[in-house]
1. Fewest to most neighbouring Cβ within 10 Å: what's the order for K82, K145?
2. Amide H neighbours of G59 under 5 Å, at least 5 residues apart or on other chains, H built in the peptide plane: list them.
3. Give me S167, S69 sorted ascending by neighbouring Cβ count inside 10 Å, so fewest comes first.
4. Trypsin sites (Lys or Arg not before Pro) within region 99-129: which are DSSP loop residues with at most 16 other Cβ atoms inside 10 Å?
Amino acid sequence: MSRPRSASVFAPLVSSAAASSSCSLTTSLKSVLPLAAGLVLAFTVWLQPGTANADTKVGIIDVQRAVASTEDGLRAQATLKKLFDNRQQELNKKQTDLQRQREDLDKQAKALPKDALTKRVDDWQKQMMDLQAVFLEYNKELEKKQKELTDPVFEKILQIVKRIATSENIDVVLDKATVAFVRTDLDLTDKAIQIYNGGGGTTSGPAPKK
């Protein structure tokens, strides 16, 4: 049984676009919250010069949680979430409109001349490509804003960790994300957060704008 003309004309043109038509920023938001995911150092957060022996004193810091749990980090999350929600609403509105257009084309395909149908399908596909471009643009915008808001917090946390390590004679501080197990008494995360929120981030600037 042959397929209707509407399917043979419409489907091939939209299949590639429809496959990626769900322009959701959810994945991007998960990478933004917690905020410091892209800022975690690969292995050693702090290493005192000339320390590499059996008596080395080790500390642990959960960099991601530390950055996200500071007052500045929490404000940054709120700012990013507001930006995310606004951008996602724009994408959802346009995506809904494109879905409605596609349904209308499916219904009208048999009645439209081939040239008119092809023109409308081409226009639909162009709009879909434009939406994908906007989606990528918004992702870049979120990443840029994330870096703008979290880099200063990360740098302050790093300085606090260095001060703690120096005052407590800790030779090496590792990022918790890089180790399989750690004793809770070695974890400096809560202490770093408390120092930060207590004004220990000495280079603190104005709070991120909402």
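What follows is calculated from the coordinates using simple rules that are stated; it is not laboratory data. Just so you know, these numbers come straight off a predicted model, no measurement behind them. Positions of Cβ are backbone-derived with ideal geometry, glycine not excepted, and every protein chain shown enters the neighbour counts.
1. Result, fewest neighbours first: K82, K145.
2. V172, V173, L174
3. S167, S69
4. K110
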